[in-house]
Each structure stands twice: as C-alpha cells, then as structure tokens.
Amino acid sequence: MTPTEDAEPTTPDGDIPPTYVPTPVPAPEPTPAPKIPSKTPLYEAMNAARYSRQSLIKQIEQITATTLICYVSPNSEIHRDDVIGMVDLLHNVMPGTPIDLLLHSPGGNIDAAEKLITLIRKRAGTAPVRVVIPDYAKSAATLIALGADTIVMSDSSELGVIDPQIDMPNPNGHLQSLSAQSYLDAFHLHAKNLKENPDDPVARLMLSKMEPATVRKLERVTKRSRSIAEALLATAMVKDEAEAIRIANELSDTKKWHSHGQMISHEAAGKIGLTVNYLAPHDDLWQLYWRLFCLQLTAASGPIKLFEGSYASLALP
C-alpha cells in the first residue's frame with residue numbers, strides 16, 4: 001500500500017471498527033382519513049350552541065312531522081330586509097310542505113310583515129301553516145299570525161292590537177309614537193263636538209292643531225292595516241269575508257284595547273274568533289318549544305335577529 005492510498009482506521013488493538021449504518025427513513029404513509037367529511041373539533045366547539053338549538057329543532061320536527069322555522073327578534077322591529085333571511089330559511093323547504101313558524105317580535109313594518117307570511121304560505125301551498133308564539137307577537141307580528149291556519153299559544157303567549165303606531169312631533173318638536181287610530185278618534189270627536197256647538201273652545205283649539213294632511217295620511221295607514229288583516233285571515237283561518245272584516249276591526253278597536261301593548265291572551269284570541277291551539281305550560285311539546293325559545297333568546301341579544309331552522313341559522317342585525 002502506497003502512502004497515497006487510504007487505509008482503514010484501526011483501533012489500538014488493531015481491530016477494524018464497524019462501519020456506521022444509518023437507520024433507514026420509513027416510507028411515508030398517508031394518515032387514514034375519516035370515512036365522510038366532518039366538522040373539526042374546534043369549529044364544533046365554537047358553534048356548539050347553534051348545533052344544540054338545531055338538534056332541538058329536528059327533534060320537534062320529528063314529533064310534529066312539520067318543518068319548523070324560527071324568527072326571533074326581541075329588540076328589533078320587522079323591516080323589509082328581513083325578507084332575505086326568510087328566503088334563506090325557506091331555501092331547503094320543499095314546496096307543499098307543512099310549515100310551523102316560531103315567532104317572537106314586537107312588530108314593525110306592516111308591508112314587510114305581509115310579505116314574510118306570504119312567502120311562507122306560498123312555499124307551503126295547500127299544506128297547513130301554524131304560527132307558534134312562545135312569548136309575544138305584537139302589532140305587525142300579529143298580522144303575520146293572522147295569515148296562519150292555526151296559532152299555537154300557551155299561558156305565556158300574547159298577541160297585540162293591529163292599530164298602526166306613527167312617529168309624530170310633540171309640542172316640543174320631539175318625535176313620539178302615537179296610535180294612528182287614537183289620533184283619528186280624537187279628531188272625529190272634536191269635529192263632532194264643534195258641529196254640535198260651533199262655539200266649543202276646546203274643540204276649536206284641538207282641531208286647530210290637527211293638520212288635514214296628517215289626518216288623511218293616518219286614515220290611509222289604518223285602512224291599509226285592516227285590509228292586510230282581512231286578506232290574511234281570508235287565506236286560511238277565516239273563510240267568511242264578513243267574519244274576517246269583523247275580526248280585523250275588533251283587533252283595531254282602541255275602545256276595546258286601551259293601549260297598543262295590551263295583552264291579547266289565548267282566551268281572548270279565541271273569543272275574537274281566531275283559531276287557537278292551546279298547549280298547557282307543562283305539555284311535553286310546549287316544553288320543547290319553550291326550551292328552544294330560551295336558547296334562541298341568548299343568541300338574539302341586542303339588535304340581533306335570529307332566523308333559524310334545521311338547515312340554516314342566521315344571526316342578522
């Protein structure tokens with residue numbers, strides 16, 4: 001061996017050390033995938049409240065054999081933008097399907113209310129529509145209920161009068177909400193008194209503060225509210241036109257209902273002529289409705305409105 005040739009290293013005893021053999025890298029194997037796509041644990045945890053509510057909705061649907069959709073708006077009024085949320089709720093509902101609407105609202109725009117219940121009725125077709133009221137459905141929300149075949153109520157449920165509320169300036173220039181019908185009642189009372197006694201100072205003073213244009217506007221608004229009520233009642237709940245007119249007039253009667261917020265209970269609603277399905281507070285089905293409603297209230301805080309069904313859940317401002 002020449003000096004330029006490499007020699008095997010030796011130990012002091014002259015033994016050749018073993019050659020280093022690295023551990024072979026294992027061939028990469030794909031991680032077994034789930035059989036079907038599933039929610040990630042974190043996403044499921046972040047949306048656990050919604051999944052709980054929708055699971056309860058499915059449970060109720062199995063019991064009633066009816067599609068359940070929910071509109072819960074404790075602090076915001078009904079307006080035209082609500083149509084978008086309702087259309088989304090109805091997206092997966094097959095035409096001709098019986099529909100239950102769980103409704104909670106203080107009221108709002110009467111034209112928007114008419115459109116919301118019309119959308120539901122068109123999707124249901126000839127199938128029945130029920131409105132479930134866990135707490136309150138007032139004013140324009142009562143109009144929605146009038147478009148159902150049946151209103152489901154319990155001891156906690158209430159409807160409201162349908163006389164429109166109008167924002168008008170007070171003597172200090174600040175807007176205040178007034179009953180349109182009460183304003184008209186006052187106008188007609190003072191006009192009658194002035195006709196009987198042209199020198200009546202109170203009638204002259206009060207009428208001088210009432211503008212004819214305002215009176216005419218309020219007459220149109222109240223007539224519109226009654227006409228919507230009559231038309232909705234006639235779609236299913238009341239087949240007789242004269243009966244529908246009577247009920248609409250009674251729900252607008254400011255002499256019978258002394259405030260716009262006055263409660264119309266299930267007993268009063270039945271006496272008026274509405275079709276009411278009463279469920280006792282401890283009825284098993286009502287307990288499920290009430291539990292669902294309580295869960296939804298936590299999601300509809302502040303200005304949020306909750307549109308929810310077994311498929312969609314939308315928390316919209």
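Couple of notes before you dig in:
- Leading residue by the ranking (nearest to N109 (Cα to Cα)) among those in region 223-253 that are polar (S, T, N, Q) and crowded, with 20+ Cβ neighbours inside 10 Å: S225
- Residue within region 167-190 that is in contact (Cβ under 8 Å) with a residue 40 or more places away in the chain, touching a helix residue (DSSP H, G or I) at 6+ places or on another chain (Cβ under 7 Å) and either buried (at least 18 other Cβ atoms within 10 Å of the Cβ) or on the phi > 0 side of the Ramachandran plot (or both) present: yes
- For the residues N172, N197, the requirement of being modelled with pLDDT of 90 or more and polar (S, T, N, Q) singles out N197.
- Of the helices (runs of 4 or more DSSP H) contained entirely in region 204-297, those carrying at least 2 residues that are under 23 Å from V72 (Cβ atoms) fall at 212-235, 266-272.
- Taken over region 248-297, residues that are β-branched (V, I, T) and without any contact (Cβ under 8 Å) to a residue 40 or more places away in the chain amount to 1.
- Residue identified as in contact with a strand residue (DSSP E or B) (Cβ under 7 Å, 6 or more places away or on another chain) and closer than 18 Å to P74 by Cα among A148, A140: A140
- For region 207-223, the condition holds for no residue, the condition being that it is at pLDDT below 85, among the hydrophobic types (A, V, I, L, M, F, W, C) and outside the structural domain of I78 (by TED's automatic domain parsing).
- Criterion (over 29 Å from P98 (Cβ atoms) and either in a helix (DSSP H, G or I) or at pLDDT 85 or above (or both)) met by exactly one of D167, D185: D185
- Any hit, region 267-275, residues being exposed (fewer than 14 other Cβ atoms within 10 Å of the Cβ), assigned by TED's automatic domain parsing to the domain that holds K138 and under 20 Å from G147 (Cα atoms): yes
- Those residues of region 87-112 which are assigned to a helix (DSSP H, G or I) and more than 23 Å from R224 (Cα to Cα), in sequence order: V87, D88, L89
- Filter result for T222 (among the hydroxyl-bearing types (S, T, Y) and touching an Asp or Glu at 6+ places or on another chain (Cβ under 9 Å)): yes
- Filter result for L56 (within 18 Å of L288 (Cβ to Cβ), in contact (Cβ under 8 Å) with a residue 12 or more places away in the chain, assigned to a strand (DSSP E or B) and in contact with a helix residue (DSSP H, G or I) (Cβ under 8 Å, 6 or more places away or on another chain)): no
- Residue tally, condition over 11 Å from M263 (Cα atoms) and in a loop (DSSP other than H, G, I, E, B), over region 140-158: 5
The values are calculated or read from the model by the stated rules, or taken from the named source; none is laboratory data. Since the model is a prediction, treat every value here as computed from it, not as a measurement. Counting neighbours? That spans all protein chains shown, and the Cβs are built from the backbone with ideal geometry, glycine included.
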